[in-house]
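Inspection log for the structure reproduced underneath, given as structure tokens.
The values are calculated or read from the model by the stated rules, or taken from the named source; none is laboratory data. These numbers come from a predicted model, not from an experiment. Note that we place each Cβ from the backbone using ideal geometry, even for glycine, and neighbour counts take in every protein chain shown. What goes into the accessible areas is simple: the full protein's heavy atoms, side chains included, and nothing from ligands, DNA or RNA. Shrake-Rupley method; radii C 1.70, N 1.55, O 1.52, S 1.80 Å.
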Amino acid sequence: MVRFALTIVRHGETRYNKDKILQGQGVDEPLSATGFRQADAAGVFLSNVKFTHVFSSDLLRAKQTASTIIGKNKFCKDIVIQYDARLRERKYGIAEGRPLSDLKAMAKAAGEQCPLFTPSGGETLDEVRARAKNFFEFLCQLSIEEECQKEQAVRGMAGNGLETLEGKPVFPLRNHCCGLELNSDTDKDTKMLNPNILVVSHGAYMRNWFGYFVLDLKCTLPSALKKSQLSSVSPNTGVSHFIINLGNGDVIKPEISCICLNRDDHLADVNAENV
């Protein structure tokens with residue numbers, strides 16, 4: 001059985017985010033001072049999670065966020081961040097660099113609603129979802145291949161790469177998100193979760209990716225999650241966490257459980273500073 005953990009984080013705030021200007025792929029703004037503070041806070045929140053892989057969009061705001069998060073991590077300071085264009089934000093064509101209100105006006109003129117409307121030169125939602133699907137299946141295949149390579153080596157070993165330096169298992173976020181304490185059962189589950197993957201991406205892209213998880217792959221959701229949260233864009237550095245079970249190596253129809261979606265309570269102090 002192949003099971004892996006997937007943590008997805010939106011990049012920190014940029015000046016354009018604050019001013020509600022569309023960046024898409026054509027505007028490559030750096031993080032603002034607030035954005036770096038948000039990334040620091042996310043890094044502290046994730047500092048005890050031992051990631052085996054880190055992927056990021058190749059756009060600057062995501063790269064800076066991923067680097068900042070890993071810089072705070074106790075176990076992953078030497079890990080190599082892999083940049084992937086499949087994780088880029090949705091392309092907004094002629095609307096990039098313009099206020100969000102302009103996009104809404106374009107949609108209204110076309111008799112459509114955001115986010116269904118696609119401006120000239122932009123990506124459709126189906127195209128964005130296809131990118132997300134392609135990247136996710138890549139992660140599934142990566143997990144299967146690595147499990148095959150490590151299966152013999154893991155047998156007879158005390159741990160499998162998901163332990164802290166003190167020898168205690170780091171169950172990826174579940175105890176943070178659900179308030180669960182580690183016990184013998186979760187300890188067994190922990191040792192089956194490998195790889196443990198961190199992805200840093202973008203708001204509209206992530207919303208489409210989560211839609212693919214829920215609508216296409218029938219992802220199970222936390223009981224307290226509201227339907228409105230599913231259609232909302234993650235706040236900057238919002239954290240979402242999933243457990244993926246590939247069963248008998250089924251990449252096409254994996255079992256996915258959402259542990260938390262767009263969590264942002266790590267930003268309480270950052271938000272207080274900006275009041």
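With Gly122, Gly97 as the choices, which residue is under 20 Å from Leu59 (Cβ atoms), surrounded by fewer than 16 Cβ atoms within 10 Å (Cβ to Cβ) and touching a residue at least 24 places away in the same chain (Cβ under 8 Å)?
Testing whether each residue is under 20 Å from Leu59 (Cβ atoms), surrounded by fewer than 16 Cβ atoms within 10 Å (Cβ to Cβ) and touching a residue at least 24 places away in the same chain (Cβ under 8 Å) leaves just Gly97.
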(request) Among the residues of segment 215-256, write down those that are surrounded by fewer than 16 Cβ atoms within 10 Å (Cβ to Cβ) and not in a loop (DSSP other than H, G, I, E, B). (result) Leu215, Asp216, Thr220, Lys227, Ser228, Gln229, Asn245, Glu255
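Out of all the residues in segment 198-209, is one or more surrounded by 15 or more Cβ atoms within 10 Å (Cβ to Cβ), of a type in the set (S, T, N, Q) and modelled with pLDDT of 90 or more?
yes
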(message) Could you check segment 220-269 and list, in sequence order, the residues that are within 19 Å of Leu125 (Cα to Cα) and either under 18 Å from the mean Cα position of the chain (by Cα) or not small (Gly, Ala, Ser) (or both)?
(response) Gln229, Leu230, Ser231, Ser232, Val233, Ser234
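Just give me the residues in segment 19-74 being outside any helix (DSSP H, G or I), of a type in the set (Val, Ile, Thr) and either open to solvent by 50 Å² or more (accessible area, probe 1.4 Å) or within 24 Å of Arg98 (Cα to Cα) (or both), in sequence order.
Ile21, Val27
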